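Sharing a structure below in structure tokens format, with a few things to ask.
Where a number appears in this text, it was derived from the coordinates with a stated rule and is not lab data. Note that the structure is a prediction, hence the values are computed from the model and not measured. A quick note on method: Cβ atoms are made from the backbone with ideal geometry, for glycine too, and the neighbour counts reach across all protein chains shown.
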Amino acid sequence: MQESTKSDKFAIIRSGNKQYKVKKGDIISVNRILVKNQPLKKGETIEFDALFISDKGKIKIGRPLISGKKIKAKVITNYKNKKVAVVKFKPKKRYLRQRGYRADKTKIEITTI
């Protein structure tokens, strides 16, 4: 029998209206993070509140947050996602509207849990 991977420490964090499962060293893309209406610069750090932490089989669940636990991350870059085409079309009415949308994203690396 193989040993289970319960020794892996991971956490659930919230950024915007989304939740992410992260481990130390993970690189994830989240919606653009703004502080005082300015995007974070490359190399800056940010803290997220922990909703859930699993460490060697021990589980801590927040209601809604775990008090005193912060997950730290470092900003790698800010970028724009791929373009999504939005098309409105009504047949036989000569109606066609085309627009594009590119979401602003921030790529972060989890440094500590």
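With each label point set 7 Å from Cα along the Cα-Cβ vector, what nm distance links Lys42 and Asn81?
Label at Lys42, label at Asn81, 2.3 nm between them.
Also: So which residue, out of Lys60, Lys69, Lys92, gets the largest mean-square fluctuation from a GNM of the chain using Cα contacts under 10 Å as springs?
In the Gaussian network model the winner is Lys92.
Counting Lys and Arg as +1 and Asp and Glu as -1, each charge on the Cβ, what is the dipole of the chain about the Cα centre in debye, to the nearest 20? Mind dumping the intermediate values first?
Details: 32 positive and 9 negative charges, 221 e Å.
Charge dipole, the chain, about its Cα centre: 1060 debye, nearest 20.
Report Rg(Cα)/(2.2 N^0.38 Å) for the chain, keeping two decimals. If you can, show how the numbers build up before the last one.
On the way: Rg = 19.4 Å, N = 113, 2.2 N^0.38 = 13.3 Å.
Rounded to two decimals, the normalised Rg is 1.46.
Set Lys and Arg Cβ to +1 and Asp and Glu Cβ to -1, take the dipole of the chain about its Cα centre, and tell me which of Ile61, Ile113, Tyr95 lies farthest positive.
Toward the positive end, the furthest listed residue is Tyr95.
OK, next. Please give the contour-minus-distance gain from Ser29 to Lys70: 0.36 nm per residue of separation, less the Cα-Cα distance, rounded to one decimal in nm. Intermediate results must be reported in sequence, preceding the final value.
On the way: separation 41, 0.36 × 41 = 14.76 nm, distance 1.86 nm.
Between Ser29 and Lys70, full extension yields an extra 12.9 nm.
Shifting gears a bit: Using a Gaussian network model of the chain with C-alpha springs under 10 Å, which one of Ile53, Ile66, Ile33 is most mobile by mean-square fluctuation?
Residue with maximal mean-square fluctuation among Ile53, Ile66, Ile33: Ile66.
For a quick check, take a GNM of the chain with Cα springs below 10 Å and name the residue from Lys88, Lys24, Lys72 with the largest mean-square fluctuation.
Lys88
Longer than 28 Å from Cα to Cα, which of Lys9/Lys74; Lys56/Lys80; Lys18/Lys90; Lys21/Lys42; Lys36/Lys74 are they? Say none if no pair is.
Details: Lys9/Lys74 19 Å; Lys56/Lys80 37 Å; Lys18/Lys90 34 Å; Lys21/Lys42 22 Å; Lys36/Lys74 18 Å.
Beyond 28 Å: Lys56/Lys80; Lys18/Lys90.
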